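Okay, structure first, notes after.
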Amino acid sequence: MKCPYCGHLSDKVVDSREGKEGEVIRRRRECLGCGKRFTSYERIDEIPYMVVKKDGTRERFDRQKLIGGLLKACEKRPVSLVAVEAIADRVESTLQERPEREIATAEIGAFVMEELKTLDKVAYVRFASVYRHFRDIGEFMNELEDLLNSKE
């Protein structure tokens, strides 16, 4: 930390305190060059994860939007909220493990569909019908046949 008074690069921390709600750490420092004290503030620099939509536009990843879609797919199904949140947690952890800060909606959708396929077949079909935008009943039937064949 560079001293604001003399520009010396060495200091010692005299006192540290968490700010309100733990979002900031306030540190009192003493310059080892001139002996004057100054205050620094540390906060986590959050870089948002971006979702690249099919049309190429980008928007912030929204966990609530993901949970909303999952809840719609699982409506009136024996799927607990804990299971839905666990899927959202796995999507988020996948995002955090990636070196890139962007992910395509196609990747998120494919991941969610795989999770739903093992969790609840009806929720999977509901989600797939919205996500894949089936153009006709034939495409929908092909998806159902694939699902039935994968069970055997």
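Just checking, does the stretch 18-26 include any residue being surrounded by 10 or more Cβ atoms within 10 Å (Cβ to Cβ), among the basic types (Lys, Arg), over 21 Å from residue 128 (Cβ atoms) and outside the structural domain of residue 129 (by TED's automatic domain parsing)? Yes, some residue in the stretch 18-26 is surrounded by 10 or more Cβ atoms within 10 Å (Cβ to Cβ), among the basic types (Lys, Arg), over 21 Å from residue 128 (Cβ atoms) and outside the structural domain of residue 129 (by TED's automatic domain parsing). Consider the stretch 71-124 and keep the residues that are polar (S, T, N, Q) and either farther than 22 Å from residue 47 by Cβ or in contact with a His (Cβ under 6 Å, 6 or more places away or on another chain) (or both). The one that is surrounded by the fewest Cβ atoms within 10 Å (Cβ to Cβ) is 118. For the stretch 27-60, a residue qualifies if it is exposed (fewer than 10 other Cβ atoms within 10 Å of the Cβ) and in contact with a helix residue (DSSP H, G or I) (Cβ under 6 Å, 6 or more places away or on another chain), but none of them does.
Say whether the condition of being touching a residue at least 24 places away in the same chain (Cβ under 8 Å) and out of contact with any Ser or Thr (no Cβ under 8 Å at 6 or more places or on another chain) is met by at least one residue in the stretch 51-62. Steps first, answer last, please.
First, the residues of the stretch 51-62 that are touching a residue at least 24 places away in the same chain (Cβ under 8 Å): 51-54, 58, 61.
Right, trim to out of contact with any Ser or Thr (no Cβ under 8 Å at 6 or more places or on another chain) and you get 58, 61.
Yes, the stretch 51-62 has at least one match.
Within the stretch 57-74, the set of residues being farther than 16 Å from residue 115 by Cα and more than 15 Å from the chain's Cα centre (by Cα) comprises 57 only. In the stretch 108-128 there is at least one residue matching the filter, namely being at pLDDT below 85 and in contact with a Phe, Trp or Tyr (Cβ under 9 Å, 6 or more places away or on another chain). The residue that is modelled with the highest pLDDT, counting only those in the stretch 15-36 that are in a helix (DSSP H, G or I) and under 30 Å from residue 102 (Cα atoms), is 22.
The values are calculated or read from the model by the stated rules, or taken from the named source; none is laboratory data. Just so we're clear, the structure is a prediction, and the values are computed from it rather than from any experiment. Reconstructed Cβ throughout: ideal geometry from the backbone, glycine too, with neighbour counts over all protein chains shown.
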